[in-house]
1. Scan segment 36-47 and give yes if some residue there is farther than 26 Å from Gly189 by Cβ and either of a type in the set (Asp, Glu) or assigned to a loop (DSSP other than H, G, I, E, B) (or both), otherwise no.
2. Right, Gly121: without any contact (Cβ under 8 Å) to a residue 24 or more places away in the chain and on the phi > 0 side of the Ramachandran plot or not?
3. Across segment 87-114, what is the number of residues that are in contact (Cβ under 8 Å) with a residue 12 or more places away in the chain, of a type in the set (Asp, Glu) and assigned to a helix (DSSP H, G or I)?
4. Name the residue, out of Leu67, Leu51, Leu11, that is within 25 Å of Gln99 (Cα to Cα), in the same structural domain as Lys101 (by TED's automatic domain parsing), modelled with pLDDT of 95 or more and under 12 Å from the mean Cα position of the chain (by Cα).
5. Just one of the numbered conditions (1) of a type in the set (Asp, Glu); (2) under 23 Å from Arg108 (Cβ atoms); (3) surrounded by fewer than 18 Cβ atoms within 10 Å (Cβ to Cβ) is not true of Asp70; which one?
6. Kindly indicate which of Val177, Val167, Val152, Val160 is assigned by TED's automatic domain parsing to the domain that holds Gly211, assigned to a loop (DSSP other than H, G, I, E, B) and not charged (D, E, K, R).
7. Of the conditions (1) assigned by TED's automatic domain parsing to the domain that holds Ser47; (2) assigned to a helix (DSSP H, G or I); (3) of a type in the set (A, V, I, L, M, F, W, C); (4) more than 20 Å from Asp57 (Cβ to Cβ), Ile74 clears all except one; give me its number.
8. Going residue by residue through segment 200-209, is there one that turns out to be hydrophobic (A, V, I, L, M, F, W, C) and without any contact (Cβ under 8 Å) to a residue 12 or more places away in the chain?
Amino acid sequence: MDDLSRWISSLPAQWVEGCSDSIFESAYSRYQSPGRFYHTWDHVVASVETLRTFPCDSGRSVFLALLFHDAIYIPGSRDNEKASAELASRLLRQHPSLQEKELAEIHRMILATEGHRVDEGEISRDLRATLDIDMSILGAPWEQYCAYADGVRQEYCPAVTTRSRFVVGRIAFLSKVLASRTIFHTPEGIARWERTARENVARELRTLQSGQSVLWRALTAVLRRVQG
């Protein structure tokens, strides 16, 4: 826990105000669950490092949302964000310095990381910041982006699905990302990552679609031989 203690001590005082080390130890322990390759503690640390230079209204709220947003992670489950939000609320409620309004906002921010959508009229800059930071890996240098994509693949294959089915789902996800008006929801996120994110996503999408074409041609050839 020495590394964790050093990390906690490096954080801005206002982010950790009123939170005992047990909060961070509890979060850290959840990220040690098996089957994680991208949604690890390293993802939390990277997100928090990004937060250090990202504008928001309540640094503590965004920090705690990022700390817990993947605390519960079972590849393929649709309840990860809900379970993570409930865990955060339960643990953070033990600390009286966090008011119900802040706890509710943290809960809401974690839930929003499920689809990374922002409802029309959403005014919370902190919610938008949380989503942009979580998705900032899409705008990382290509090598880092590839490591992220491969990590997600390892989480799903073969534990949850087959490689071919994963590719179909991944293509659908990437296509949806590219179809969005903007990937990011804050002026800062758009300025920092939008262009590179679109280039990365389009590049991965082309690669996957090309692979599918090769596979489809191979399967068609086999079927023709069998039928002939």
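1. No, that holds for no residue.
2. Considered against the rule, which asks whether it is without any contact (Cβ under 8 Å) to a residue 24 or more places away in the chain and on the phi > 0 side of the Ramachandran plot, Gly121 comes out as yes.
3. 2
4. It is Leu67.
5. (3) is the only condition that Asp70 fails.
6. None of the others qualify; the one that does is Val160.
7. (2)
8. no
The values are calculated or read from the model by the stated rules, or taken from the named source; none is laboratory data. Not measured: the values here are computed from a predicted model. Because the Cβ atoms are built from the backbone with ideal geometry, glycine has one as well, and the counts that use them run over all protein chains shown.
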